[in-house]
Amino acid sequence: MSNTNRQLRLQNRPKGLLAPGDLQLVEEPVSPLSDGQALARVKYLSIDPTMRVWMAADTYLPAVPIGEVMRAIGFAEIIESRHPDYKKGDRVTGLTGLQDYFILDESAKRSFQKVPKIPFVSDTVFLGVLGINGLTAFFGMEIAASKKGETLVVSAAAGATGSIVGQIGKIHGCRVVGIAGSDDKCAWITKDLGFDAAINYKHADWKKKLAAATPNGIDIDFENVGGEIMQEVLNRMNLHGRVVVCGFISGYTKEDPNMVSLGTVIAKRLRIQGFIILDYASRFMEAATQLGQWKMFGKLKDRETVVEGLEKAPEAINMLFTGGNTGKLIVKL
Ligand SMILES: NC(=O)c1ccc[n+]([C@@H]2O[C@H](COP(=O)([O-])OP(=O)(O)OC[C@H]3O[C@@H](n4cnc5c(N)ncnc54)[C@H](OP(=O)(O)O)[C@@H]3O)[C@@H](O)[C@H]2O)c1
């Protein structure tokens, strides 16, 4: 096998958005396979805000060491195998890294799962609605314990996770209000996805519009953004409301993120819970089955923003922080 593997390796811990050279493109030959190894070719990469966190510091996973291939979730196909559990043509998702090829062996195996070929279903759903974002929305909404008639507000509402959260909220019978950064995104989530209202937080009067869209207050905050947006949502929470802390994307590129005042939590007797999707791994199949049924019956709609080429992955990562994506952001190799 004489393939060349292109890889994006972490060269610097970025300050703010990624700068040219923070991820460096290198090439190396693909090593010949030994017994117990399979060679996979990456077809799609999932571009996730947490990658920026992994570049910066140790958190729920250790930071990616300088010089290493950047950690990323991907979809790959086995192209050659000397491993008893994999055969040519098998498809897997897992921590492929930002690269064209990787070798799957016994030690890497637990970071991957095989995915079936389903007629009329695109490969990329296993990175989005049936992957990290659908699963995050599903288990986050389980924490929310939403009930019919409650008001749910979700931020980054036209993103990969938020767009599914809002639709699950509608399935549960909630009034769903999304907060997003453009009029087009707001139109998509209300007209196509069935949200009851959408607020463009870039309009000067967005706080007034949020108040008008939540006449009975807010029972659940599904928080993807943090900072000023979260503070305003907390200000409108009803007593004993629930706050599901999924992410604080507004702070990931800042040295000094604008945090919310926890005084509101006492005054409103709020229940706040953060979560990391990895903790639910033993229940992924259960959730994916439900998400798949909803998708099949048209109750979950999704959209993708696709960027072509491994070398474009750094720009794609930055798009998450400038609002350049609608729905799931994918790099196609
Ligand atoms: N806890 C977990 O296990 C877990 C798992 C997956 C994801 N997450 C979190 O879920 C959130 C969404 O992730 P995703 O993968 O679905 O990404 P995404 O929503 O598809 O993309 C990120 C979106 O965030 C919005 N955004 C970026 N910076 C912002 C800012 N300063 N203020 C307001 N909005 C901003 C942008 O949309 P606009 O145009 O609307 O600004 C952007 O499109 C992130 O916080 C992520 O860390 C958590």
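The values are calculated or read from the model by the stated rules, or taken from the named source; none is laboratory data. A quick note: this is a predicted structure, and the numbers were derived from the prediction, not measured. Please note: Cβ atoms are built from the backbone with ideal geometry, for glycine as well, and neighbour counts cover all protein chains shown. Ligands, DNA and RNA are stripped out before the accessible areas are found, and what is left, the full protein with its side chains, is counted by its heavy atoms. Shrake-Rupley method; radii C 1.70, N 1.55, O 1.52, S 1.80 Å.
Going residue by residue through region 95-106, is there one that turns out to be at pLDDT 95 or above and touching a His at 6+ places or on another chain (Cβ under 6 Å)?
no
Condition test on Asn224, is it touching a residue at least 40 places away in the same chain (Cβ under 8 Å), open to solvent by 10 Å² or more (accessible area, probe 1.4 Å), near the ligand (Cβ under 10 Å from one of its atoms) and in contact with a Cys (Cβ under 6 Å, 6 or more places away or on another chain)? Working first, answer last.
Values: touching a residue at least 40 places away in the same chain (Cβ under 8 Å): yes; open to solvent by 10 Å² or more (accessible area, probe 1.4 Å): yes; near the ligand (Cβ under 10 Å from one of its atoms): yes; in contact with a Cys (Cβ under 6 Å, 6 or more places away or on another chain): yes.
In short, yes.
Among the residues in region 260-268, are any open to solvent by 30 Å² or more (accessible area, probe 1.4 Å) and closer than 25 Å to Gln113 by Cβ?
No, there is no match, as no residue in region 260-268 is open to solvent by 30 Å² or more (accessible area, probe 1.4 Å) and closer than 25 Å to Gln113 by Cβ.
Residues being without any contact (Cβ under 8 Å) to a residue 60 or more places away in the chain, near the ligand (Cβ under 9 Å from one of its atoms) and either in contact with a Leu (Cβ under 9 Å, 6 or more places away or on another chain) or assigned to a loop (DSSP other than H, G, I, E, B) (or both): count how many of those fall in region 179-200.
Counting residues in region 179-200 that are without any contact (Cβ under 8 Å) to a residue 60 or more places away in the chain, near the ligand (Cβ under 9 Å from one of its atoms) and either in contact with a Leu (Cβ under 9 Å, 6 or more places away or on another chain) or assigned to a loop (DSSP other than H, G, I, E, B) (or both) gives 1.
When you check Tyr44 against the structure, is it part of a loop (DSSP other than H, G, I, E, B) and either within 16 Å of the ligand (Cβ to nearest atom) or surrounded by 12 or more Cβ atoms within 10 Å (Cβ to Cβ) (or both), yes or no? Let's see the steps before the verdict.
Values: part of a loop (DSSP other than H, G, I, E, B): no; either within 16 Å of the ligand (Cβ to nearest atom) or surrounded by 12 or more Cβ atoms within 10 Å (Cβ to Cβ) (or both): yes.
Spelling it out, it is not the case that Tyr44 is part of a loop (DSSP other than H, G, I, E, B) and either within 16 Å of the ligand (Cβ to nearest atom) or surrounded by 12 or more Cβ atoms within 10 Å (Cβ to Cβ) (or both).
Every residue in region 103-139 that is part of a strand (DSSP E or B) and open to solvent by less than 20 Å² (accessible area, probe 1.4 Å), please. Quick ask: steps written out before the conclusion?
First, the residues of region 103-139 that are part of a strand (DSSP E or B): 103-104, 112-114.
Correct list: Leu104 only.
What is the number of the single condition among (1) in a strand (DSSP E or B); (2) open to solvent by 40 Å² or more (accessible area, probe 1.4 Å) that Thr93 does not meet?
Result: Thr93 passes all but (2).
Within region 144-168, can you find the residues that are assigned to a helix (DSSP H, G or I) and in contact with a Lys or Arg (Cβ under 8 Å, 6 or more places away or on another chain)?
Of region 144-168, the ones assigned to a helix (DSSP H, G or I) are 144, 160-168.
Listed by number, the residues that qualify are Ala144, Ala160, Ser163, Gln167.
This table checks each residue for (1) assigned to a strand (DSSP E or B); (2) free of Cβ contacts under 8 Å to residues at least 24 places away in the same chain; (3) surrounded by 15 or more Cβ atoms within 10 Å (Cβ to Cβ).
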| residue | (1), (2), (3) |
| --- | --- |
| Asn5 | yes, no, yes |
| Arg13 | no, no, no |
| Ala19 | no, yes, no |
| Gln24 | yes, yes, yes |
| Pro32 | no, no, no |
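What single numbered condition from (1) over 19 Å from the mean Cα position of the chain (by Cα); (2) in contact (Cβ under 8 Å) with a residue 60 or more places away in the chain; (3) open to solvent by 20 Å² or more (accessible area, probe 1.4 Å) fails to hold for Val53?
It is condition (1) that Val53 fails.
Here is a check on your reading of the model: is Asp256 open to solvent by 60 Å² or more (accessible area, probe 1.4 Å), within 9 Å of the ligand (Cβ to nearest atom) and either among the hydroxyl-bearing types (Ser, Thr, Tyr) or under 23 Å from Leu61 (Cα atoms) (or both)? Talk me through it step by step, then tell me what you get.
Details: open to solvent by 60 Å² or more (accessible area, probe 1.4 Å): yes; within 9 Å of the ligand (Cβ to nearest atom): no; either among the hydroxyl-bearing types (Ser, Thr, Tyr) or under 23 Å from Leu61 (Cα atoms) (or both): yes.
Taking the combined requirement at face value, the residue does not satisfy it.
Would you tally the residues in region 260-279 being within 16 Å of the ligand (Cβ to nearest atom) and more than 21 Å from the chain's Cα centre (by Cα)?
Our first condition is that a residue be within 16 Å of the ligand (Cβ to nearest atom); within region 260-279, this holds for 260, 272-279.
Okay, now just the ones that are also more than 21 Å from the chain's Cα centre (by Cα), so 260.
Going through region 260-279 one residue at a time, the tally reaches 1.
State the number of residues belonging to region 282-332 that are surrounded by 18 or more Cβ atoms within 10 Å (Cβ to Cβ) and in contact with an Asp or Glu (Cβ under 6 Å, 6 or more places away or on another chain).
3
Are there any pairs, at least 6 apart or on different chains, whose C-beta atoms fall under 7 Å, with the first in region 159-178 and more than 21 Å from Glu232 (Cβ to Cβ) and the second open to solvent by less than 10 Å² (accessible area, probe 1.4 Å) and small (Gly, Ala, Ser), and if so, which?
Note: pairs meeting the criteria are Ala160/Gly128; Ala160/Gly327; Ile164/Gly134; Ile164/Ala137; Ile168/Ala137.
Give me the pairs, please: first residue somewhere in region 298-311 and more than 21 Å from Ala72 (Cα to Cα), second residue anywhere and loosely packed, with under 14 Cβ neighbours inside 10 Å, beta-carbon distance under 8 Å, and either six or more positions apart or on two chains.
If the second residue must be loosely packed, with under 14 Cβ neighbours inside 10 Å, the pairs left are Lys301/Asp192.
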